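Read through the structure below, which is laid out as C-alpha cells, and then see the notes.
The values are calculated or read from the model by the stated rules, or taken from the named source; none is laboratory data. Since we're looking at a predicted model, the values are computed, not measured. All Cβ positions, even for glycine, are placed from backbone atoms using ideal geometry, and neighbour counts span all protein chains on display. Heavy atoms of the whole protein, side chains included, go into the accessibility calculation; ligands, DNA and RNA do not. Shrake-Rupley method; radii C 1.70, N 1.55, O 1.52, S 1.80 Å.
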Amino acid sequence: MSSADLDQTARSILIENDQGGYTVPTKGLYPYQWNWDSVFVALGFATFDQDRAWREIEMLFEGQWRDGMVPHILFRKDDPSYFPGPSVWGTNGGPIPSSGHSQPPVAATVIRDLVDNDTSGKALGRAAALFPSLMNWHRWFLAYRDPEAKGAMSVIHPWESGRDNLPDWDDALRAVVVQDIEPYERKDTSHVDPAMRPHKEDYDRYLSIMAACRNVGWDPAEVARTCPFFVADPGVTFIFLRASRDLLTLAERLGKDAEADEIKGWINRMETGVKTLWHDDLKAHVALDRRSGKHTNGISSMSFLAPYAGIADQETLVSLQGHFDRIAEKVRYLMPSYDPEHTSYEPLRYWRGPVWAMVNYMIARGFAEVGDSVRAERLRNDTARLVEASGFAEYFSPETAAGAGGGTFSWTAAIWLTWASPTHVEQAA
C-alpha cells in the first residue's frame, strides 16, 4: 500500500473504532475505553478532526474518580467478550463503572500538543476546562503512588504500568500469593494466539492483586500500604515527569500562578527521586520493587524515556545511546520492549520483546529534543517499515516485522498519522 493508502486506512480505523465520542483500542479484544490508548488516539484524530480529538480526552475524564484518579478502563457498557469486567473489579469510585487503578498519565502532554497545534482558536479554553482535573490526577499519583515522597512512581498492578507481562514484574509477581479468586475464563486468548499473551499463572496473580485491593474497598491509601505488588516503574515515572513539565506550561499560559508553583515542586521531587531507579551496573533506569527493595536486572524500552522526561545529563544520555546502538545490532526493528540479550526476552509475547509504535514515538521525541536526530529518525523509519510490512497491528516482532496481538489497532493508526507516516514527515518539512 502507498503512504496515502495507509493514511486513509489509519483514518478509517479510528472512525470505525469510534463508539460515539470515545474509541476502543480494537473491536473484540478490547471493547471498552482504555486510558492511555484514548489519549494517544486523540493525536491521530487531531490530524483530521481537532474537535473529535478533544472529545476523546474529555470523555476519558468523565470517568475520573472522586479522589482524582482516572481509571485505566471505563466500562461504559458490560461486554461479555472481555474479562475481567466491572463485576470482578467491584469499584465504586466514580460516575462510570471502571477498573480500580490508573495508567501512565500522558494526558497533560497530549493536551499541550493539541493547544500548540490548534487552528480553531478554542483549544486553550478546552484545556482550561480540563486543567483542574489534570491537577487532581497528578496530585493523586503523588499521594498514592509515591506516598513516601521518594520521587518515583510505583504501580500497584502490572496493568497500571500499561505493560502487563513485562519481565520487570516477574519477581514481584512471584511473591504474590494466589488467593481469593473464583474460577474464571479468560477471553483474550480466544481473540489472540495464547503464545502472544501472558501466561495463566500471571493471570492468577493479576486477579489475586485485584482481590487484595477489593478487600480494602479500593481505598487508595490502604491499597498503597497493603497491596502485595508495589513496584516503582521508570515508565510511569518518566511519563509523569514529562506530563508535569507540560502541565506547568499550561498553568503558565492560563495564568495559574499558585498551581505553577505547586507543579515546580513536583518536578523537583521527581528529578531527585528518579536517581533511585538508576542501576549502576546496567547504566540505565530500571524498576525497583518497593516491597523487597530490589532493582530489576533488565533494560526495558521505557528506560529510553529519560530524555523524553527531561533527564538528559551526560552519563544518562551517553549510556542510553550505547544501549540503543547495541540493541540495534541485535534486532532488525527498534525498539524492542525488552533487551534482546536478556534471558526473559520473547519477540512475540506482548511486553517481553515486541515493538510498540507509541513507545517508539515517545522515545524518538525525547532523542529529537536533545538533538539526537539520527536515532530519532531511525525509530520513525522502523515504525513506518513495521506498519508498511504488517499493517496496524497492536505490536510487532522486532526480528521479522510480523504483526501480533489485536489488529486494526487504534493507537498504532494514530501514531502513524501523527508521526510515522511519510506523508506527515513531508508536511512537517
How far is the Cα center of the range 284-359 from the Cα center of the range 405-421, in Å? 22
Could you tell me which of rounded, prolate or oblate describes the range 279-405, using a ≥ b ≥ c as the square roots of the eigenvalues of the alpha-carbon gyration tensor, with rounded for a/c under 1.5 and, failing that, prolate when a/b is larger than b/c and oblate otherwise? oblate
Between the range 113-135 and the range 361-381, the alpha-carbon center distance in angstrom: 26
Label-to-label distance, nm, for residues given as Ala221 and Asp79 (7 Å Cα→Cβ offset): 3.7
Calculated [θ] (222 nm, deg cm²/dmol) that DSSP helices of n ≥ 4 give over the chain, each run adding -39,500 (n - 2.57): -14500 deg cm²/dmol
Hey, rough spin-label estimate for Val88 and Asp171, points 7 angstrom out along Cα→Cβ, what's it come to in nanometres? 2.9
Long pairs among Lys200/Lys275; Lys77/Lys200; Lys27/Lys200, criterion Cα-Cα beyond 30 Å: Lys200/Lys275
Dividing the convex hull volume of the alpha carbon atoms of the chain by its residue count, what do you get in Å³ per residue? 129
Over the range 380-429, with neighbouring protein chains present, the accessible area per residue in Å² at probe 1.4 Å is 32
Full-extension gain in nm, Arg253 to Asn268, via 0.36 nm per residue minus C-alpha separation: 3.4 nm
How large is the accessible surface per residue of the range 71-164, computed with a 1.4 Å probe and reported in Å² as a whole number? 32
At a 1.4 Å probe radius, carbon and sulfur cover how many percent of the accessible area of the chain? 48
Would you kindly state how much longer the chain becomes between His199 and Lys275 on full extension, computed as 0.36 nm times their sequence separation minus their alpha carbon distance, in nm to one decimal? 24.1 nm
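Could you sort 227-235, 174-182, 276-284 so that the peptide with the highest average Cβ count within 10 Å comes first and the rest follow in order?
Put in order of decreasing packing, that is 227-235, 276-284, 174-182.
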Would you mind checking which residues have amide H under 5 Å from Thr91's amide H? H placed 1.01 Å from N; only 5 or more apart, or other chain. Ser98
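Would you kindly calculate the mean projected area, averaged across all directions, of the convex hull enclosing the Cα atoms of the range 17-79, in square nanometres?
Here the figure is 4.2 nm², rounded to one decimal.
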Using the Cα centre as the reference, give the magnitude of the dipole from point charges on the C-beta atoms of the chain (Lys, Arg: +1; Asp, Glu: -1; all else neutral), rounded to the nearest 20 debye. 300
